[in-house]
Amino acid sequence: MSKMRAFIPAKILQSKIENLQMAGHSHSANIAIRKGAVDKKRGALFGKLSRAIIVAAQHGGSDPTSNLKLRYAIDKARQNSMPRDNIERAIKKGAGENEGENYAELVYEGYGAGGVAVLCDVLTDNRNRTAGEIRKIFEVHGGNLGSTGCVGWMFERKGLFLVPVQNVNEDQVMEVALDAGAEDVRPSGKYFEVICDPTKFDAVQAALQEHKVPAEVAELTRIPANNVEISDLETSTRILKLTNALEDNEDVQSVTANYNIPDDILEAASAQL
């Protein structure tokens with residue numbers, strides 16, 4: 001039974017499981033699957049992307065050349081085919097040119113079934129409402145919402161690029177990425193994962209583009225230091241239901257968890273969602 005890292009669970013696994021020809025429920029699998037099925041909830045996705053742009057513009061201004069957080073948010077919106085008008089409207093709201101919302105950036109931390117650590121990055125205009133909703137989701141799906149810092153120390157913020165293996169060879173990716181400051185390049189099923197410190201994200205991205213190394217995904221994410229091995233169907237199903245429910249919440253921007261699930265268990269668990 002093969003396994004792979006599982007850093008960001010995808011709520012749409014059940015609709016795209018046929019694409020998991022790579023082993024297990026990996027970070028790259030999660031992101032690739034998520035990208036392939038976002039059309040089903042495009043409106044909700046655009047709402048979350050808009051919030052990220054608004055908050056970035058509120059904190060650092062409307063110029064993406066000097067506001068890196070805004071540039072990342074805009075890049076992510078473009079990767080997901082968000083219309084230019086939506087992006088510009090969100091920037092203006094955040095910069096105060098139009099009346100806009102005030103969102104708080106929060107991180108909720110807790111545990112899922114099997115002791116899996118779960119992090120939720122949230123943007124909300126109502127802390128009390130969101131806290132109640134997140135706590136309820138954890139409880140319904142056999143988890144527990146914890147205190148600030150209870151699992152955050154297990155994860156590191158990193159830049160991640162997913163390069164399809166059919167487009168390049170490993171030596172080429174390694175040479176370009178490592179020369180630009182990447183920390184690691186490793187095969188992961190249908191992708192090479194390029195991992196870097198967040199401060200090197202722009203340099204690595206520019207180098208990949210300059211050498212025509214296509215990255216299907218380029219984003220800042222969280223990567224766990226260690227993973228929990230899950231090998232039974234019941235626990236796997238509970239974990240997937242928890243992470244899916246969290247990602248369905250309109251205030252949740254992303255969900256990160258530290259588990260590994262074997263291929264066959266993953267497929268069976270996904271069929272029950």
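The values are calculated or read from the model by the stated rules, or taken from the named source; none is laboratory data. Since this is a predicted model, take the numbers as computed values, not measurements. For neighbour counting, all protein chains shown are included, and Cβ atoms are generated from backbone atoms with ideal geometry for every residue, glycine included.
Would you kindly identify the helices (runs of 4 or more DSSP H) lying entirely within segment 164-273 that contain at least 1 residues that are among the aliphatic types (A, V, I, L, M) and loosely packed, with under 14 Cβ neighbours inside 10 Å?
Passing ranges, in order: 201-210, 263-271.
Which condition number in (1) out of contact with any strand residue (DSSP E or B) (no Cβ under 9 Å at 6 or more places or on another chain); (2) assigned to a strand (DSSP E or B) is the one that residue 142 fails?
Result: residue 142 fails condition (2) only.
What is the one condition in (1) under 30 Å from residue 258 (Cα atoms); (2) surrounded by 18 or more Cβ atoms within 10 Å (Cβ to Cβ); (3) hydrophobic (A, V, I, L, M, F, W, C) that residue 95 does not satisfy?
Going through (1) under 30 Å from residue 258 (Cα atoms); (2) surrounded by 18 or more Cβ atoms within 10 Å (Cβ to Cβ); (3) hydrophobic (A, V, I, L, M, F, W, C) one by one, residue 95 breaks only (1).
Before we move on, is residue 119 surrounded by 18 or more Cβ atoms within 10 Å (Cβ to Cβ), within 24 Å of residue 53 (Cα to Cα) and not basic (Lys, Arg)?
Yes, satisfied.
Every residue, every condition in (1) modelled with pLDDT under 90; (2) aliphatic (A, V, I, L, M); (3) assigned by TED's automatic domain parsing to the domain that holds residue 141, yes or no:
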position	(1), (2), (3)
203	no, yes, no
207	no, yes, no
212	no, no, no
220	yes, yes, no
237	no, no, yes
241	no, no, yes
247	no, no, yes
255	no, yes, yes
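Checking residue 81 against (1) at positive phi; (2) in a helix (DSSP H, G or I): exactly one of these is not met. Which one?
Looking at each condition in turn, residue 81 falls short on (2).
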